[in-house]
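The block underneath contains the structure these notes are about, expressed in structure tokens.
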Amino acid sequence: MSSRSAEAQRLSDLALLRRVRDRIDREYQKPLDVEALARGVNMSAGHLSRQFKLAYGESPYGYLMTRRIERAMALLRRGDLNVTEVCFEVGCSSLGTFSTRFTELVGVPPSVYRRERSAATEGMAPCVAKRVTRPIRNREAPVTEPQLA
């Protein structure tokens with residue numbers, strides 16, 4: 001395979017991966033699995049998972065759960081739904097899995113988050129609130145000291 005055709009294939013795969021990511025962003029509430037996502041772009045589930053992780057740093061399932069948790073955080077801050085209602089609203093079918101993943105990503109259980117953070121973003125523009133409250137996947141962000149030049 002020439003370098004030109006390899007590059008063309010890589011760009012084609014990236015376009016397909018963007019379609020998968022966009023579908024997850026759009027349909028996070030629906031039951032989605034890697035096999036269904038892969039069928040949608042004519043890839044095998046294994047190939048999709050490997051390429052998605054290379055491109056975006058996490059598996060398609062991890063990305064889906066992060067989107068669900070981000071939405072759940074917004075709903076919990078709003079305060080008009082309980083944890084179980086939020087769990088099902090964001091597309092999770094198991095309250096236990098939802099609570100475990102929420103706690104992993106956010107650092108506190110959803111019930112504690114709902115109770116303590118409902119007023120945390122009050123008066124903040126939604127775009128800023130989303131950025132400030134974005135969960136850290138797998139606690140990957142290291143704590144760094146500010147560098148003085």
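So here's what we get for this one:
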| item | result |
| --- | --- |
| Projected-area mean, the stretch 3-60, by convex hull of Cα positions, square nanometres | 3.8 |
| Over the stretch 37-109: Kirkwood hydrodynamic radius from C-alpha pairwise inverse distances, Å | 13.3 |
| Ascending count of other beta-carbon atoms within 10 Å, so fewest first, for GLU58, GLU35 | GLU35, GLU58 |
| Neighbour-count order for LYS30, LYS53, fewest beta carbons within 10 angstrom listed first | LYS30, LYS53 |
| Residues ASP13, ASP33, sorted so that the one with the fewest Cβ neighbours within 10 Å comes first | ASP33, ASP13 |
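Readers should treat all values here as calculations from the given coordinates under stated rules, not as data from a laboratory. The shown structure was predicted, so the numbers you read here are calculated from the model rather than taken from an experiment. When we count neighbours, we look across all protein chains shown, and the Cβ atoms used for this are built from the backbone with ideal geometry, even at glycine.
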